[in-house]
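Here's the structure we're looking at; comments come further down.
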Amino acid sequence: MQTRKATAVSCSNIAFIKYWGNYDARLRLPLNDSISMNLDALRTETTVEFDDALENDEIVIGEQSADERTERRVVEQLNRIRAEAKIDTKARVHSRNNFPSAVGLASSASAFAALTLAGTRAAGLELGERALSILARQGSGSAARSIPAGFVEWLAATNVTSISSQSYAHQVMPPDAWDLCDVIAIVSSEAKKVGSNEGHSIAHTSPFFGERLSRLPNRYHRVRRELLAKNLKGMGPDVETEAIELHAIAMTSRPPIFYWLPGTIRVMDAVRQWRGAGLSAYYTLDAGPNVHILVEGKDSAEVAKRVRELADVQDVIISGPGEGARLSEEHLF
Ligand code: DP6
């Protein structure tokens, strides 16, 4: 084993067409294709060092040791990396986000993308983008999309055999191709009670899940086409419908999951009103209560100002399109 320590930086992403539900939960093979934009303002930096003197993996997130659940997921990802590199050395992992950890945006996408790139390099592997995306996907599905830069699609590949090697993300458009902005309205900074992991596993219990899957291919192609045309007005209505449908699935799963708070609905209403008055803005949501408002860069300051004035909004983060996962010379320890 040659390299022992490596650091990587990776952006989080916001999906326009969402990943919700797995075909194979263990391998995180999704039931549908998804499209997203990397978020330049939300980055995770991770250093991994393999050290023969360690008896166990040591994982520090921010300034603290990782909680048990997070630690288990990180160790599982280190195990995948070790299996690929044919080593059994334990690792020291230190990870931190560039955004305040108290805003409820903790991101498994940026975290697992950075861990996968830093971990494979530290283990002496030099994987290409596709192999990194496949490996990151197994740590957290949406992390597959944080490996390539800019606007990205992740192929479900449900129609092929040997599926794991075919389900990866690749770039649709580079980050500088379109000055699209995500104005994120933080309406709650509490950690969510039900993680995406559980949401994926019960999505099929919603009586509307089959209906969602049957509508997705057409919506997907329209969103992809309008994205490439850089047409927010063309893409926006489908992006909103997509977010609402995902939450409708969550709310009608057994047991139901309610991510929306009163502030979520207030922000969504405000965006609809601003649009009625001529502003081109469309919202989407992750598996949480915070609202992501998509606007052209030229409108981002005005929209951020209006969002800050809304009741229930605790903080606002503005992000443009971000780079893919990349190595850094600045180690965290
Ligand atoms: C609603 O990638 O967080 O944000 O694979 O269990 O880590 P795991 O799930 P995760 O799910 C993301 C769900 C989503 C939609 C999306 O980003 O596509």
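Every read-out reported here was derived from the displayed coordinates using simple, explicitly stated rules and does not represent laboratory data. Just so you know, these numbers come straight off a predicted model, no measurement behind them. Neighbour counts run over all protein chains shown; Cβ positions are idealised from the backbone, glycine included.
What to note about this one:
- Residue check: residue 330 meets all listed conditions (1) within 17 Å of residue 12 (Cβ to Cβ); (2) of a type in the set (Asp, Glu); (3) surrounded by fewer than 19 Cβ atoms within 10 Å (Cβ to Cβ) but one, namely (1).
- Test: residue in the stretch 177-192 that is in contact with a helix residue (DSSP H, G or I) (Cβ under 8 Å, 6 or more places away or on another chain) and at positive phi: no
- Checking each residue in the stretch 135-149 for being more than 11 Å from the ligand (Cβ to nearest atom) and either under 22 Å from residue 195 (Cβ atoms) or crowded, with 21+ Cβ neighbours inside 10 Å (or both) picks out 135, 147, 148.
- Within the stretch 30-81, tally of residues that are on the phi > 0 side of the Ramachandran plot and crowded, with 21+ Cβ neighbours inside 10 Å: 0
- Conditions (1) in contact (Cβ under 8 Å) with a residue 40 or more places away in the chain; (2) not in a loop (DSSP other than H, G, I, E, B); number of the one not met by residue 257: (2)
- Residues that are assigned to a helix (DSSP H, G or I), farther than 30 Å from residue 260 by Cβ, of a type in the set (S, T, N, Q) and in contact (Cβ under 8 Å) with a residue 12 or more places away in the chain occur in the stretch 143-166; there is at least one.
- Number of residues in the stretch 108-131 that are in a helix (DSSP H, G or I) and more than 16 Å from the ligand (Cβ to nearest atom) equals 9.
- Of everything listed in (1) in a helix (DSSP H, G or I); (2) within 13 Å of the ligand (Cβ to nearest atom); (3) surrounded by 15 or more Cβ atoms within 10 Å (Cβ to Cβ), the single unmet condition for residue 201 is (3).
- Of the numbered criteria (1) more than 23 Å from residue 291 (Cβ to Cβ); (2) among the hydrophobic types (A, V, I, L, M, F, W, C); (3) assigned to a strand (DSSP E or B), the one residue 213 fails is (3).
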